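Beneath this line is the structure, given in C-alpha cells, with notes to follow.
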Amino acid sequence: MSISTMRLTFAAAGLMLAASASGANASYCGDGKTVTFAGIDWESGAFITEVMKTILAKGYDCQVDSIPGNSVTLEQATANNDVQIFAEEWLGRSDVWNKAVEEKKVVAVGKTFVGASEGWFVPDYVVHGDPARNIEAKAPDLKSVSQLTDPKIAEIFADPEEPSKGRFLNCPSGWTCEGVSTAKLEAYKLGEAYVNFRPGTGTALDAAITSAYLQGEPILFYYWSPTAIMGKFKLIQLEEPAYNEACWKELSSANGKRDEGCAFPSVDVAYGVNSTFASEAPEIVEILEKATFPLEEVNASLAYMADNKVDATAAAAEFLKTKGDVWSKWVSEEARGKIEAGLK
C-alpha cells in the first residue's frame, strides 16, 4: 500500500469516527428541534403537560411548545407529527388513536399514572342525605344505572330547560368520553328520558358540578379520576353491567351498535408519542418511560389548583419545587440540578 493510499484510508476512517461520535452526541433538543405537546384542556392533562414541558425545557435545554384543541384533534395531530407528545392518552378509547396505532404512526410510552377510574356519578347526599346541611336523601335506593329509567328518578335530576326530562351532564363535545357516554345513554334506553347536556369546556363541566354540590342539588354526571372534584367532594359511582370487550368495542366506535351498555374498562393511561419522534428522540422517550405520577400527588396538585385558583403552570412549578423526591427519579442528576436552579 502506498503512503498516499494509507493517508486516504486513515482520513476516511477519521471521518467515519467523527460522524459516529457526532451521531452519538446528537440529541433531538440538541439539534434545535421543538418538542410540541398536545395542549390538553382537562385539569390533570394540563398539569402533567406543564410538568413535562418544564422538565424538558429547564433540565435538557429543549425548545417546547403546545397547541390547543380537543382530544380528537390533538390525537390526529400526534399521528401527523404536528404534535410529538400527548401527555395523558387514555388508551383504547378513541377511534382516531386506535387507527393511528394500527398504522404505526403513534406509540404508547410508559404509564402517566396508575389507578385512574371513570363512570357516572351522583353526589352522596342524593342517596344518603346530609344532616349537617339539612339535605334529605331524594333517592335512598339508587345504586345503579339501570334505575335511571324510573320516571321518579329522572324527575329528581330534572333538566332546568326541559323539566319533563332528567339531565345527564356529559363531557364537552370533542372529548372521547362524550361519545362513549352518548352511546351509553342510547344503549341504556335513556335517550328519551334524559337531556344529553354537553358543557362547552372542562371548566364549565367542573363549575356545573361544583355549583350543584355546594347548593345541595341533585346532579347526574360523567366524571373520572384523578381530579380535584373527586378529591374535594363525596360522590357515589353508579353500578353498571360488567365490562366486556365486545360491548365496549361497539360503545367506543362511532358507528357501533347500541344494543347493550357496560362499565368502562380498567384504565391504562400512557404518554401518546408520535412514532417518528420516538425513533428520533430516544433520550426523551427514556424520560417518559420513567415519569409515572403517583395518583395521590396528581389529586393533591389538582386540589392545589382549585383551592388557590391557580393555573396548571403554577401547579406544575409548585410540584417541581416540593416533590423532588418524586420527579428526580425520572431525570439525570445534571438535569435535576438545572431544573431546581431554574425554579429559584
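The values are calculated or read from the model by the stated rules, or taken from the named source; none is laboratory data. Not measured: the values here are computed from a predicted model. Cβ: placed from backbone, ideal geometry, glycine included. Neighbour counts: every protein chain shown. The area values use the complete protein model at the heavy-atom level, side chains included, leaving out ligands, DNA and RNA. Shrake-Rupley method; radii C 1.70, N 1.55, O 1.52, S 1.80 Å.
Assess whether residue 209 counts as being under 21 Å from the mean Cα position of the chain (by Cα), in a helix (DSSP H, G or I) and at pLDDT 95 or above. Here the answer is yes, as residue 209 does meet what is asked. With respect to the stated conditions, residue 223 is over 14 Å from residue 306 (Cα atoms) and touching a Gly at 6+ places or on another chain (Cβ under 8 Å). Can you tell me which residue within segment 291-305, out of those that are open to solvent by 40 Å² or more (accessible area, probe 1.4 Å) and in contact with a Gly (Cβ under 7 Å, 6 or more places away or on another chain), is nearest to residue 110 (Cα to Cα)? That would be 292.
Within segment 199-228, the set of residues being aliphatic (A, V, I, L, M), under 22 Å from residue 302 (Cβ atoms) and in contact (Cβ under 8 Å) with a residue 24 or more places away in the chain comprises 204, 205, 208, 209, 212, 219, 228. Within segment 102-111, identify whether any single residue is open to solvent by 50 Å² or more (accessible area, probe 1.4 Å), farther than 22 Å from residue 234 by Cβ and at pLDDT below 95, and answer yes or no. Scanning segment 102-111, I find no residue that is open to solvent by 50 Å² or more (accessible area, probe 1.4 Å), farther than 22 Å from residue 234 by Cβ and at pLDDT below 95, so the answer is no. Scanning segment 120-140 for residues that are without any contact (Cβ under 8 Å) to a residue 12 or more places away in the chain and within 33 Å of the chain's Cα centre (by Cα) yields a count of 1. Restricting attention to segment 244-259, the residues being modelled with pLDDT of 95 or more and either within 24 Å of residue 128 (Cβ to Cβ) or hydroxyl-bearing (Ser, Thr, Tyr) (or both) number 0.
Scan segment 19-44 for residues that are at pLDDT below 90 and in contact with a Pro (Cβ under 8 Å, 6 or more places away or on another chain) and jot them down. Within segment 19-44, just 41 meets the criteria. Residues of segment 73-93 that are within 29 Å of residue 63 (Cα to Cα) and either open to solvent by 60 Å² or more (accessible area, probe 1.4 Å) or in a loop (DSSP other than H, G, I, E, B) (or both): 73, 76, 80, 81, 82, 83, 84, 91.
Inclusion of residue 50 among residues that are open to solvent by 30 Å² or more (accessible area, probe 1.4 Å), among the acidic types (Asp, Glu), under 14 Å from the mean Cα position of the chain (by Cα) and modelled with pLDDT of 95 or more is warranted.
Only one of the numbered conditions (1) surrounded by 18 or more Cβ atoms within 10 Å (Cβ to Cβ); (2) within 28 Å of residue 266 (Cβ to Cβ); (3) of a type in the set (D, E, K, R) is not met by residue 58, and that is (2). When segment 260-277 is filtered for residues that are at pLDDT 95 or above and either more than 25 Å from residue 78 (Cβ to Cβ) or crowded, with 19+ Cβ neighbours inside 10 Å (or both), the ones remaining, listed by number, are 260, 261, 262, 263, 269, 270, 271, 272, 273, 274, 277. Cβ-Cβ contacts under 6 Å between residues 6 or more apart (or on different chains), taken from a first residue in segment 328-344 that is touching a residue at least 40 places away in the same chain (Cβ under 8 Å) and open to solvent by 50 Å² or more (accessible area, probe 1.4 Å) to a second residue that is of a type outside the set (Lys, Arg) and part of a helix (DSSP H, G or I), are listed as 336/328; 338/59. Any residue at all in segment 150-170 that's open to solvent by less than 40 Å² (accessible area, probe 1.4 Å), within 30 Å of residue 294 (Cα to Cα) and touching a residue at least 12 places away in the same chain (Cβ under 8 Å)? There is at least one residue in segment 150-170 that is open to solvent by less than 40 Å² (accessible area, probe 1.4 Å), within 30 Å of residue 294 (Cα to Cα) and touching a residue at least 12 places away in the same chain (Cβ under 8 Å).
With respect to residue 66, is the statement that it is open to solvent by less than 10 Å² (accessible area, probe 1.4 Å) and either at pLDDT 90 or above or in contact with a helix residue (DSSP H, G or I) (Cβ under 7 Å, 6 or more places away or on another chain) (or both) true? Taking the combined requirement at face value, the residue does not satisfy it. Taking the stated definitions as given, is residue 221 of a type in the set (Phe, Trp, Tyr), more than 30 Å from residue 34 (Cβ to Cβ) and surrounded by fewer than 19 Cβ atoms within 10 Å (Cβ to Cβ)? For residue 221, the condition - of a type in the set (Phe, Trp, Tyr), more than 30 Å from residue 34 (Cβ to Cβ) and surrounded by fewer than 19 Cβ atoms within 10 Å (Cβ to Cβ) - is not met. Under 29 Å from residue 142 (Cβ atoms), among the small types (Gly, Ala, Ser) and in contact (Cβ under 8 Å) with a residue 12 or more places away in the chain: does that describe residue 261? For residue 261, the condition - under 29 Å from residue 142 (Cβ atoms), among the small types (Gly, Ala, Ser) and in contact (Cβ under 8 Å) with a residue 12 or more places away in the chain - is met.
Looking for something touching a residue at least 40 places away in the same chain (Cβ under 8 Å) and assigned to a loop (DSSP other than H, G, I, E, B) - is there at least one such residue anywhere in segment 43-59? No: segment 43-59 contains no residue that is touching a residue at least 40 places away in the same chain (Cβ under 8 Å) and assigned to a loop (DSSP other than H, G, I, E, B).
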